[in-house]
1. Label-point separation (nm) for residue 195 and residue 207, each offset 7 Å from Cα along Cα-to-Cβ?
2. Can you give me the angle between helix 240-251 and the longest principal axis of the chain, using Cα atoms only, in degrees from 0 to 90, rounded to the nearest 10?
3. Counting only helical runs of four or more DSSP H residues, what would the 222 nm mean residue ellipticity of the chain come to if each run contributes -39,500 (n - 2.57) and the total is spread over all its residues?
4. Quick check on packing: order 174-182, 128-136, 195-203 by the mean number of other C-beta atoms within 10 Å, highest mean leading.
5. May I ask for log10 I(q)/I(0) of the chain at q = 0.11, 0.14, 0.15, 0.16 Å⁻¹, from a Debye sum over the Cα atoms as equal point scatterers with solvent left out?
6. Give me the distance in nm between label points sitting 7 Å out from Cα along the Cα-to-Cβ direction at residue 5 and residue 222, one decimal.
7. Taking the number of other C-beta atoms within 10 Å as the exposure measure, put 152, 114, 1 in order starting with the fewest.
8. Any chance you could give the angle, 0 to 90 degrees and rounded to 10, that helix 225-235 forms with the longest Cα principal axis of the chain?
């Protein structure tokens with residue numbers, strides 16, 4: 001049975017799972033579904049057609065499922081899906097999708113959004129993603145699994161950040177960042193691979209070595225980039241990690257962040 005503070009307001013039609021806790025001065029809209037074991041600490045605003053997965057905790061002044069910040073939005077009932085076991089800290093904002101986009105925004109499981117994070121409309125965020133304070137996603141962004149977004153970084157609308165990548169603090173991402181990459185600088189450029197993250201995630205020395213060699217060919221080799229990409233695709237045909245990079249590049253529709261010439265990899 002849900003535990004609802006006397007000062008909270010839960011609209012008729014809202015669906016609350018077992019052991020849900022709705023703290024003081026929270027507001028929950030009529031089209032909201034909150035799964036078992038979730039906690040809204042206090043002063044949390046949840047609206048829109050929003051689904052929140054099991055055991056997710058949301059801290060004060062977060063706004064979840066609010067309308068997209070788009071001049072084209074005309075009040076359509078678009079959606080937001082938040083995964084299980086997420087932590088959404090103070091003042092974070094997550095918007096629903098737009099009718100002209102995907103119609104929904106998605107946040108995966110086990111995500112940690114620190115204070116002031118923003119997930120823009122129609123964005124797709126994978127599992128295990130960490131947003132440091134005030135990390136921001138524009139609309140339609142795509143963030144892969146296990147990405148770390150540094151404090152006050154901003155991912156421009158429609159851009160992608162591949163899985164296991166890291167984006168540094170204050171970095172503006174205006175081009176796609178490859179899986180395993182480390183984005184640095186005022187406008188994101190590759191400073192190499194996310195070696196610390198790979199080691200922390202248990203990647204073997206051999207796997208990291210192969211990724212580094214493939215990276216050197218791709219971003220520091222000779223000849224046309226498309227030829228180097230094909231060379232890497234053939235040379236590392238049996239390496240699933242390298243192939244993630246290859247497929248990410250092949251599937252891209254926007255410019256790709258290149259390597260900074262003075263960075264070590």
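All of the numbers you see were taken from the coordinates with simple rules; none came from a lab. All values derive from a computational prediction rather than experimental measurement. With ideal geometry, Cβ positions are generated from the backbone for all residues, glycine too; neighbour counts draw on all protein chains shown.
1. 1.8
2. Compared with the principal axis, the helix lies near 80 degrees.
3. Values: 4 runs with 45 residues, N = 265.
That calculation yields -5000 deg cm²/dmol at 222 nm.
4. Working: 174-182: 25.1, 128-136: 22.1, 195-203: 13.7.
Highest mean packing first, the order is 174-182, 128-136, 195-203.
5. Results for the chain at q = 0.11, 0.14, 0.15, 0.16 Å⁻¹ read -0.62, -0.90, -1.00, -1.09.
6. About 6.7 nm separates the two model spin labels.
7. 1, 152, 114
8. Tilt relative to the chain: about 90 degrees.
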